[in-house]
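Inspection log for the structure reproduced underneath, given as structure tokens.
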Amino acid sequence: MTKLILTITLLLLACPHSTFAQVRGLNKLDKVYSEVLSEDREILIHLPSSYKLDSKAKYPVMYLTDGLRNFNHAAGTLDLLTQSYKTQEMIIVAIKNTHRTRDYTPTYDGSYNQWGISGGADNFLDFLEKELIPYINNTYRTTEFNVLSGHSLGGLLVIHSLQTRPHLFQAHFAFSPSLWWHDGVILRRAKDFFSQTKTLNNTLYLNLANEDAQMRNAFDEYIQTLEQSQIEGFTFRFDIDEQENHSTIALVGHNKAYVYLFKSLRCPDSIIAKGITDFEQCYKTLSEQYGVDILPSYDVYRQAASASLKNNDFATAIGIFNGAINKFPYTSDAHFRKAYALKEKGDISSALDSINHALEISRKENVENNKYKTFKTNLLVLLDKHGVK
């Protein structure tokens with residue numbers, strides 16, 4: 001019997017399900033006519049892998065500048081980190097450029113005319129606030145927690161948005177931002193903004209590549225202003241990565257920015273370990289603080305259950321995994337870990353039912369499931385060993 005079980009398992013491993021050849025998530029091209037800008041704006045949309053599976057789930061949204069250039073790596077990095085429980089799923093709205101210099105710069109600088117007429121950042125932010133964001137919220141299932149991400153001049157736009165419309169986005173990513181623009185006008189405005197602002201429920205991640213003196217000096221001055229600020233609710237982090245150049249810094253930057261944002265919005269481990277009631281109340285408080293929904297990710301449930309497992313409190317762990325399954329019905333890992341808890345409790349038959357659910361969902365979720373198959377084999381061996389039908 002045991003040899004037969006192992007043979008069947010090896011055959012399953014040798015013939016992975018065809019869905020694994022598909023790219024996770026859904027990418028689509030959309031278009032919005034902007035009355036503010038008097039033009040059509042094409043946008044690339046990335047919907048998370050679970051979006052089509054769970055009709056009740058809602059997601060934060062990241063608005064990405066230089067959309068055509070940054071879309072693929074931003075979506076791919078997010079998906080990998082999500083599968084590794086380093087961040088959570090988001091909808092990505094990548095905005096393709098029409099007049100880049102016009103849209104991303106806060107002031108007009110005639111010396112830059114050879115690259116395009118400048119100074120239209122406020123109009124572009126009007127487009128985001130009055131047209132694009134409402135369209136996305138009405139079309140897709142969002143939590144209305146918004147992130148703005150930009151690189152170079154796009155990073156300049158991010159900083160300008162933070163300092164002029166801090167209500168519009170709850171988090172900001174700026175990669176090698178062009179803070180030198182127009183003799184450092186954004187730096188002078190930053191001193192006024194941060195000295196006059198007392199409360200700001202917001203998160204900022206920014207970085208700098210191996211850049212010239214003009215970029216580095218402006219960046220250092222901005223960081224000094226940030227470090228001197230004392231604003232309640234505001235968190236920021238910066239990195240200087242001299243291994244990267246101006247063209248590659250957004251690629252590595254998104255990796256760190258996603259993780260930093262996830263950590264900054266995560267309730268303390270001590271509260272998570274207390275269980276569902278405590279950490280859900282914590283996220284409710286966070287939501288009230290930011291004025292938008294901030295929901296616990298699946299990993300929060302996983303961490304809470306793990307704390308119970310360490311104490312051999314299998315009943316509580318199983319209850320938490322049941323809560324996770326209710327919130328995230330198409331996350332196969334929840335069923336897998338519930339199966340493990342049931343096995344440790346000694347309920348092998350129920351563990352087998354749970355791992356079968358994990359395998360079924362993993363094919364829809366489009367994740368690797370070899371460890372599920374191996375665990376199922378071990379459960380079958382245990383059932384056979386103990387003569388359980």
Filter the range 287-314 for residues that are acidic (Asp, Glu) and within 19 Å of the chain's Cα centre (by Cα); the one that is most open to solvent (accessible area, probe 1.4 Å) is ASP293
From the option list LYS373, LYS338, LYS274, LYS343, single residue qualifying as open to solvent by less than 30 Å² (accessible area, probe 1.4 Å), among the basic types (Lys, Arg) and modelled with pLDDT of 95 or more is LYS373
- Query: Does at least one position in the range 225-247 carry a residue that is under 30 Å from ILE320 (Cα atoms), among the aromatic types (Phe, Trp, Tyr) and under 23 Å from the mean Cα position of the chain (by Cα)?
  - Reply: no
Residue pairs within 6 Å by beta carbon, gap of at least six or interchain, first lying in the range 369-383 and closer than 10 Å to ILE355 by Cβ and touching a residue at least 24 places away in the same chain (Cβ under 8 Å), second of a type in the set (Phe, Trp, Tyr) and open to solvent by 10 Å² or more (accessible area, probe 1.4 Å), listed first then second, are TYR372/PHE336
Given the condition under 19 Å from the mean Cα position of the chain (by Cα) and not hydrophobic (A, V, I, L, M, F, W, C), answer yes or no: does some residue in the range 110-131 qualify? no
Condition set modelled with pLDDT of 50 or more, of a type in the set (A, V, I, L, M) and part of a loop (DSSP other than H, G, I, E, B), scope the range 1-57, selection most open to solvent (accessible area, probe 1.4 Å): answer is VAL23
Per the list (1) over 25 Å from the mean Cα position of the chain (by Cα); (2) over 22 Å from GLN83 (Cα atoms), residue check on ILE271 breaks on (1)
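The rows are residues; the columns are (1) touching a His at 6+ places or on another chain (Cβ under 9 Å); (2) closer than 27 Å to ASP192 by Cα.
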site	(1), (2)
ASN210	yes, no
ARG237	no, yes
ILE240	no, yes
VAL252	no, no
SER264	no, yes
ILE271	no, no
LEU286	no, no
Checking GLN230, GLN243 in turn, the sole residue that is modelled with pLDDT under 95, out of contact with any Lys or Arg (no Cβ under 8 Å at 6 or more places or on another chain) and surrounded by fewer than 15 Cβ atoms within 10 Å (Cβ to Cβ) turns out to be GLN230
Residue count, the range 60-71, condition under 12 Å from MET90 (Cβ atoms) and open to solvent by less than 10 Å² (accessible area, probe 1.4 Å), comes to 4
Picked from the range 346-370 (must be modelled with pLDDT of 95 or more and charged (D, E, K, R)), the residue least open to solvent (accessible area, probe 1.4 Å) is ASP347
Within the range 245-273, the count of residues that are in contact with a strand residue (DSSP E or B) (Cβ under 6 Å, 6 or more places away or on another chain) and among the aliphatic types (A, V, I, L, M) comes to 4
Restricted to the range 185-212 and to residues being without any contact (Cβ under 8 Å) to a residue 12 or more places away in the chain and farther than 27 Å from ASN255 by Cβ, the residue surrounded by the fewest Cβ atoms within 10 Å (Cβ to Cβ) is GLN196
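The values are calculated or read from the model by the stated rules, or taken from the named source; none is laboratory data. Computed from a prediction, not measured in an experiment: that's the story for all the values here. Note that we place each Cβ from the backbone using ideal geometry, even for glycine, and neighbour counts take in every protein chain shown. Only protein heavy atoms, including side chains, enter the accessible area calculation; ligands, DNA and RNA are left aside. Shrake-Rupley method; radii C 1.70, N 1.55, O 1.52, S 1.80 Å.
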